[in-house]
Amino acid sequence: MFLTGGLKSLLPHVLRRVIRCNKLSVSNTSGMAEGYKQANVVIVHKSLADDFEKFCQANDGPLPLLYRSKPGDWQCPPLSSHSDIRTDCPWYRVYEHGACTGTLKSLKEYSEQLQDMVTFYLGCSFSFEKAVQNAGVPVRNVEQKCNVSMYKTAVPCHSVSTFCCNLVVTMRPIPESKLEAAVRATSGLKEAHGAPIHMGDPGLLGIPDLSKPDYGDPVHLHPGDIPVFWACGVTGVEAVINCRAPLAFTHSPGCMFVTDLKNDNVTTQSSREAPQVHCISQDPLHYSIVSAEAAQKIRNLETLIGIDPGERGIIHLLRREELLRACLSISHARSVLVATGFPTHFTYEPPEENDGPPGALAIAAILQALEKEVAIVTDQRAMNLNKKIIEEAVQLGILKRPVPLLSYQREGADSALMFLCEKGNPGRPRFDHLIAIERAGMAADGNYYNARKVNIKHLVDPIDDLFLAAQTIPGVVTTGVGDGGNELGMGKVKDAVKKHIKNGDVIACDVEADFTIVAGVSNWGGYAIACALYILSTCDVHDRYLRKAVGFPPLPKKTGWLSALPSVTKEEKLLKALVRHGVRSGKTASLELEVDGLPFYDTHSLMIEKLL
């Protein structure tokens, strides 16, 4: 009998011979024949083979196809020499009409049936474990000498004919400081599932309890470890179960077929494609992935919008990476609520300024194009005005369709919770992300002030309540966009506002957002969010992570995304429409704001051209 500790140095053909001779009793092949590819195995009747191959192609994250045999072919020459799929896995499972009817060490007794069956060899995450270790990242299941943990998720795969199931994932605990190293070590190993599909709270995948894996063994997390999930070939087992074929075979999860192929065919990635990891939420804990190139483009946007045309000192409010992390979070959101409206001109009717609504509509337009739910919330007294603005935005081609327009009133202690969640249940939020753009924010004394220190509380509904309530609802993230420090969400930089902004000791907003985007003009922040979301949507690294490596990249939709971006023509028409409705500039009583000698309209046009 062999000791499993010495199996990692065995050559694959020797290891297969040992398994074939029934001289090895193991529960999994993790760590064996280090540096060589291992494979999940699915064997189906030849009549189902074409559909299963299409299913693999449609879900190549969990099911990277290494080889498809011919009917009755027990060998796989491209993967190994002198192999026999009937005997060379440590354990097999037999499925009849979707039910597991046996666990066997050999399929020889089914040799007659196998004559009409096709074997699929699918990539396995055991293949990347050595690469992860070489990157200085511990592999806990190897350390703990147990099988990797495997879980069924709530993520549906792309269905093909009778093959349909939810994604299965493996979980490996990774120290937080090593997350990016683990991602980079695996992202180029496409035939071993590639980069992770989720990092953070397992509940976001629909996994209720890490201590109870559906397959494999529980793997214990060390202090500081983050659960990291990779797509798993056991997804093929779930597809076989749901297919309910009269007869099918698979490997027993964790007991792989070891090939003769070295795990050295890494997909070459340029430095621009190198994945970066960013934390986008603490409750629930959630990290996202983006390419270095896309991240740098968004950082450039952040720099562009940070110029200070009014010379108000906003350079002291700027926080690096906020635009990137905010937009990564928005990219993961299903439903977004956008708040806007700053009645700075309190002696006029309407008192609104024209900074805010154009940026809000630019955000709404790209969210519509990305097929996310979006609504706008504003003051009750301004509902008719905003309804007209939205209608014109549709006519001008800025929006595909009208955006639902909401108002909020405080009627009781739980009003904000009832507004944000179904029946006030924090476990069922209506929105994943709240964005405030040029929205009057409550100061420390409970009042609302314009930049000239005039109290405008009588014109402002308490929409701040929604941002305060969001802090108590897991999974709801907030972003504030402003240009002076008195806007909703700017509480995160209130100390800097009080120190560096004129009248800041009075006007500083006291309500924080998770992310604070500071711009020379708040509309520019909205335009930058729209452009950043487009960049993320066209980033292959981020897209794969977003769709959990199942289904196909949404290439046909890219044209629609591009057409939803703000343009010079669209924004100039919208700003002029606002003037027709009596909306004035928020920076001066007339349209006198200039950058490099350009008036307000042209200033916006210049910024849009730079952002695009």
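The values are calculated or read from the model by the stated rules, or taken from the named source; none is laboratory data. From a predicted model like this one, the values you see are computed outputs, not experimental measurements. Backbone-built Cβ (ideal geometry, glycine too); neighbour counts: all protein chains shown. To get the accessible areas, we keep the full protein, side chains included, count just its heavy atoms, and leave off ligands, DNA and RNA. Shrake-Rupley method; radii C 1.70, N 1.55, O 1.52, S 1.80 Å.
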Amide H contacts under 5 Å for Gly206, placed H, 5+ residues apart: Ala154
Beta bridges by DSSP in region 275-611, antiparallel share as percent, to the nearest 5: 35 percent
Cut-off 10 Å between beta-carbons: net charge of the residues surrounding Val118, Lys and Arg +1, Asp and Glu -1: -1
Val374 long-range amide H proximity, modeled H, under 5 Å: Val336
Region 8-262, dipole about Cα centre (Lys/Arg Cβ +1, Asp/Glu Cβ -1), debye to the nearest 20: 600 debye
10 Å-binned pair-distance histogram of the chain (Cα, whole percent): 3, 16, 24, 20, 14, 11, 8, 3, 1, 0
Inverse mean reciprocal Cα-Cα distance (Kirkwood Rh) of region 275-611, Å: 19.7 Å
Mean separation of Cα contacts under 8 Å (6+ apart) over length of the chain, as relative contact order %: 14 percent
Whole-Hz couplings from phi, Karplus 6.51/-1.76/1.60, listed for region 350-355; x for Gly and Pro: x, x, 5, 9, 8, 9
Exposure rank, largest accessible area first [His332, His82; 1.4 Å]: His82, His332
From phi via Karplus (6.51, -1.76, 1.60), per-residue ³J(HN,Hα) for region 445-453 in Hz, x at Gly/Pro: 8, x, 9, 10, 10, 7, 5, 8, 6
Net charge of Cβ neighbours under 10 Å - reference Val160; Lys, Arg +1; Asp, Glu -1: -2
Separation in nanometres of the label points that stand 7 Å from Cα toward Cβ, at Glu293 and Gln395: 4.2 nm
Lysines whose Cα lies under 22 Å from that of Lys570, excluding same-chain neighbours fewer than 8 positions away: Lys372, Lys387, Lys388, Lys400, Lys557, Lys558, Lys587, Lys610
Overall dimensions of region 427-567 by Cα: Rg and Dmax, Å: 17.7, 54
Distant-in-sequence amide H partners of Ile226 (H built 1.01 Å from N, under 5 Å): Ile174, Glu176
Inter-centroid distance (Cα atoms) of region 552-567 relative to region 489-546, Å: 24 Å
Whole-Å distance, taken between Cα centres, linking region 7-27 and region 405-472: 64 Å
Aspartates and glutamates whose Cα lies under 17 Å from that of Lys70, excluding same-chain neighbours fewer than 8 positions away: Asp50, Asp51, Glu53, Asp84, Glu112, Asp116
Among Thr103, His193, Val155 - extreme Cα towards positive end, dipole of region 8-262, charges at beta-carbon: Thr103
Region 100-108 - phi-based ³J(HN,Hα) in whole Hz, Karplus 6.51/-1.76/1.60, Gly and Pro as x: 6, 10, x, 10, 10, 9, 8, 9, 4
Within the chain, percent of DSSP bridges classed antiparallel, to nearest 5: 70 percent
Positive-end extreme of charge dipole, the chain - chosen from His542, Met117, Pro474 (charges on Cβ): Met117
C-alpha long axis of helix 600-611 to longest principal axis of the chain, angle in °: 10 degrees
Taking the C-alpha atoms of region 45-130, convex hull volume expressed per residue in Å³: 123 Å³
